[in-house]
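Written out below as structure tokens is the structure these notes cover.
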Amino acid sequence: MTDAAATPAATAPAGKDILGHPRGLAYLVFAEAWERFSYYGMQALLVLYLTNYLLLPEHVGAVAGFGQFRAFLGSIYGALDTPVATAAAITGLYSAGVYFTPMIGGFIADRWLGRTMTVTIGALFMVAGHFLMAFDVAFIAAISCLFIGVGLFKGNIASQVGELYGPDDLRRSSAYQYFLLGVQIAVIVAPIVTGFLGEKIAWHYGFGAAGVGMAIALVVYLSGRKYLPPERLRGAAARATPQAKLTGRDWATMAVLVALLPVLAATAIGNQEIFNAYLLWGEKHYDLVFFGQQMPVSWLVSLDAIISTVTVGGALVFWTVWSKYAKEPDEIIKLAIGALIAACAPLILAAASANEAATGQKASLIWGLGFHIVNDIGFAMIFPVGLALFSRAAPRQVGGMFIGVYYLHLFICNLATGKIAGLVETMDGAAFWTMHAAIVAGGAVALLAFAFLFRKLLAPTAETLAESAAPAAAA
């Protein structure tokens, strides 16, 4: 995966501008929004579908190759004795993989196929994967197609946004804001649509809706091909381009950034659990009756997306106002502050669990609202700030690669949640969520240690501050 902001100058294809931007941006924004609709629509259903349907004895026997797949999962997570543990492992592995495979997709595009061809092939794999989810027998083939498709699609379409602009074009930042706006809308809408269809009508209807969304993404992308940026040099021509050598300081900086990955993974554990154990816990312990109707538990994902949209904007406003009256802390201190806030969120769920145990009444969604607000305030100060740190601090020669490296902390985190989430049915709820709070708080303490030990090495300079631009689009 490459850093869109670090790509060479590109001349946008001819075409009338839309909202002051190259026409190709509109196609990329809408294609990404529909792809994210399909992804989050499917992810909101996955652990519930597995637990409540596919892994039940009357269905799991129909899944082709499931015995070998279970053995593979066991080699990663150990014994998986219950459907909940198996569902958590599958969801964790899938969620982890979609943050690892884009690095491979970016390499394939840079080296051989080019971005447009790679994105198109990835979209075709995802369309196939979503529609294969309609058949129990094809579950493993479906997950495999989605795995491959996301890897080919995700990072490359984000890079194409940056390649619509020259290196000095200030419109790039606002282009990524449009790009992320499309993603955010998709995250809000997708679980509402697929959750209603999947939980209220039939699981396969929900997955079918996700497949329709991916098919629309492919059509939109292909219809705008003539407005997409020209392909960069690749293969032998790219290797012939001279590159500046890395210095000793560069290597030290890269080592520190890599060492930060497991720490960042710890800070994200509560947030990433939202797609795994949190849905299973919420299904059993929340009072989901809303205006006399049972609310699909997958709608909690949409609630989180709505709140996170507000908190991300709120965090930007907060630090903007802060900077007028005092010096802003550097990125790693911001990360530690965000992690300390995020650590409080699982404690709200722990309190809800303790209250349920004491009263015998299911937890009100007010507890859930509190969890999402606190978690999203913390995560708004972690994810984009960490991305900015990696974008700024990584040496220019490997800047694009290190944007991909940054996403590996979510790969690590989701692998971990795949194991931890399986404990939700055996641990007391208060203990389960307190454990999550302790892990996140441990990450915050580790970040403070990194700030003390490596502040000079990671300190921003006037030059790098000007360059910590918008590669956040790969989110």
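Identify, please: which residue in the range 338-366 is part of a helix (DSSP H, G or I) and without any contact (Cβ under 8 Å) to a residue 24 or more places away in the chain and is, among those, surrounded by the most Cβ atoms within 10 Å (Cβ to Cβ)?
355
Could you say which residue among 100, 72 is surrounded by 15 or more Cβ atoms within 10 Å (Cβ to Cβ) and in the same structural domain as residue 150 (by TED's automatic domain parsing)?
100
Go through the range 134-150 and give me each residue that's farther than 29 Å from residue 109 by Cβ, part of a helix (DSSP H, G or I) and in contact with a helix residue (DSSP H, G or I) (Cβ under 9 Å, 6 or more places away or on another chain). Let's see the steps before the verdict.
Going residue by residue through the range 134-150, those that are farther than 29 Å from residue 109 by Cβ are 134-137.
With the extra rule that they be part of a helix (DSSP H, G or I), the set shrinks to 136-137.
Of everything in the range 134-150, just one residue is farther than 29 Å from residue 109 by Cβ, part of a helix (DSSP H, G or I) and in contact with a helix residue (DSSP H, G or I) (Cβ under 9 Å, 6 or more places away or on another chain), namely 136.
When the range 362-412 is examined, which residues are found to be farther than 21 Å from residue 273 by Cβ and either modelled with pLDDT of 95 or more or of a type in the set (Gly, Ala, Ser) (or both)?
First pass over the range 362-412, keeping only residues farther than 21 Å from residue 273 by Cβ: 388-405.
Of everything in the range 362-412, those that are farther than 21 Å from residue 273 by Cβ and either modelled with pLDDT of 95 or more or of a type in the set (Gly, Ala, Ser) (or both) turn out to be 388, 391, 393, 394, 399, 400, 404.
Is it the case that some residue within the range 370-383 is surrounded by fewer than 20 Cβ atoms within 10 Å (Cβ to Cβ) and farther than 29 Å from residue 105 by Cα?
Within the range 370-383, one or more residues are surrounded by fewer than 20 Cβ atoms within 10 Å (Cβ to Cβ) and farther than 29 Å from residue 105 by Cα.
Among what's in the range 167-210 and is of a type in the set (Ser, Thr, Tyr), closer than 26 Å to residue 21 by Cα and surrounded by fewer than 22 Cβ atoms within 10 Å (Cβ to Cβ), pick the residue that is modelled with the highest pLDDT. Walk me through it before giving the result.
Step one: filter the range 167-210 for residues of a type in the set (Ser, Thr, Tyr), giving 173-174, 176, 178, 194, 205.
After this cut, where a residue has to be closer than 26 Å to residue 21 by Cα as well, the list is 173-174, 176, 178.
Still in the list and also surrounded by fewer than 22 Cβ atoms within 10 Å (Cβ to Cβ): 173-174, 178.
Working: 173: 65, 174: 72, 178: 84.
Result: 178.
Which one of these does residue 164 not meet: (1) surrounded by fewer than 21 Cβ atoms within 10 Å (Cβ to Cβ); (2) assigned to a loop (DSSP other than H, G, I, E, B); (3) not polar (S, T, N, Q)?
Every condition holds for residue 164 apart from (1).
Answer with yes or no whether residue 23 is farther than 23 Å from residue 207 by Cβ, out of contact with any Cys (no Cβ under 6 Å at 6 or more places or on another chain) and either at pLDDT 95 or above or crowded, with 22+ Cβ neighbours inside 10 Å (or both).
Values: farther than 23 Å from residue 207 by Cβ: yes; out of contact with any Cys (no Cβ under 6 Å at 6 or more places or on another chain): yes; either at pLDDT 95 or above or crowded, with 22+ Cβ neighbours inside 10 Å (or both): no.
For residue 23, the condition - farther than 23 Å from residue 207 by Cβ, out of contact with any Cys (no Cβ under 6 Å at 6 or more places or on another chain) and either at pLDDT 95 or above or crowded, with 22+ Cβ neighbours inside 10 Å (or both) - is not met.
Here is a list: 421, 354, 358, 350. Which entry is closer than 22 Å to residue 298 by Cβ and at pLDDT 85 or above?
421
Can you pull out every residue in the range 196-220 that is within 17 Å of residue 134 (Cβ to Cβ), assigned to a helix (DSSP H, G or I) and of a type in the set (Gly, Ala, Ser)?
198, 206, 208, 209, 210, 211, 213, 215
Taking into account only those residues within the range 110-124 that are buried (at least 20 other Cβ atoms within 10 Å of the Cβ) and modelled with pLDDT of 85 or more, which is nearest to residue 411 (Cα to Cα)?
For the range 110-124, the residue satisfying everything is 122.
Based on this model, can you work out whether residue 335 counts as surrounded by fewer than 21 Cβ atoms within 10 Å (Cβ to Cβ), within 22 Å of the chain's Cα centre (by Cα) and farther than 28 Å from residue 81 by Cα? Talk me through it step by step, then tell me what you get.
Values: surrounded by fewer than 21 Cβ atoms within 10 Å (Cβ to Cβ): no; within 22 Å of the chain's Cα centre (by Cα): yes; farther than 28 Å from residue 81 by Cα: yes.
So residue 335 does not fit the description; no.
Restricting the first residue to the range 272-293 and requiring it to be in a loop (DSSP other than H, G, I, E, B), which pairs with a second residue that is of a type in the set (D, E, K, R) meet a Cβ separation below 7 Å and a spacing of at least six or different chains?
From residues that are in a loop (DSSP other than H, G, I, E, B), the pairs are 287/362.
Scanning for something touching a His at 6+ places or on another chain (Cβ under 9 Å), at pLDDT 90 or above and within 23 Å of residue 140 (Cβ to Cβ), does the range 89-108 turn up at least one residue?
Checking the range 89-108: not a single residue is touching a His at 6+ places or on another chain (Cβ under 9 Å), at pLDDT 90 or above and within 23 Å of residue 140 (Cβ to Cβ).
Can you confirm whether the range 185-194 contains a residue that is assigned by TED's automatic domain parsing to the domain that holds residue 116, assigned to a helix (DSSP H, G or I), in contact with a helix residue (DSSP H, G or I) (Cβ under 9 Å, 6 or more places away or on another chain) and farther than 30 Å from residue 380 by Cα?
For the range 185-194, residues assigned by TED's automatic domain parsing to the domain that holds residue 116, assigned to a helix (DSSP H, G or I), in contact with a helix residue (DSSP H, G or I) (Cβ under 9 Å, 6 or more places away or on another chain) and farther than 30 Å from residue 380 by Cα: absent.
Checking the conditions here, which among 391, 364 is hydroxyl-bearing (Ser, Thr, Tyr) and closer than 22 Å to residue 307 by Cα?
Values: 391 fails: closer than 22 Å to residue 307 by Cα.
Only one candidate passes the filter, namely 364.
Can you name every residue in the range 320-332 that is touching a residue at least 12 places away in the same chain (Cβ under 8 Å) and either surrounded by fewer than 20 Cβ atoms within 10 Å (Cβ to Cβ) or β-branched (Val, Ile, Thr) (or both)?
Once the filter is applied, which keeps residues that are touching a residue at least 12 places away in the same chain (Cβ under 8 Å) and either surrounded by fewer than 20 Cβ atoms within 10 Å (Cβ to Cβ) or β-branched (Val, Ile, Thr) (or both), the range 320-332 yields 330, 332.
The values are calculated or read from the model by the stated rules, or taken from the named source; none is laboratory data. As the structure is a prediction and not an experimental result, all values here were calculated from the model. Note: ideal-geometry Cβ built from the backbone for every residue, glycine included; neighbour counts use all protein chains shown.
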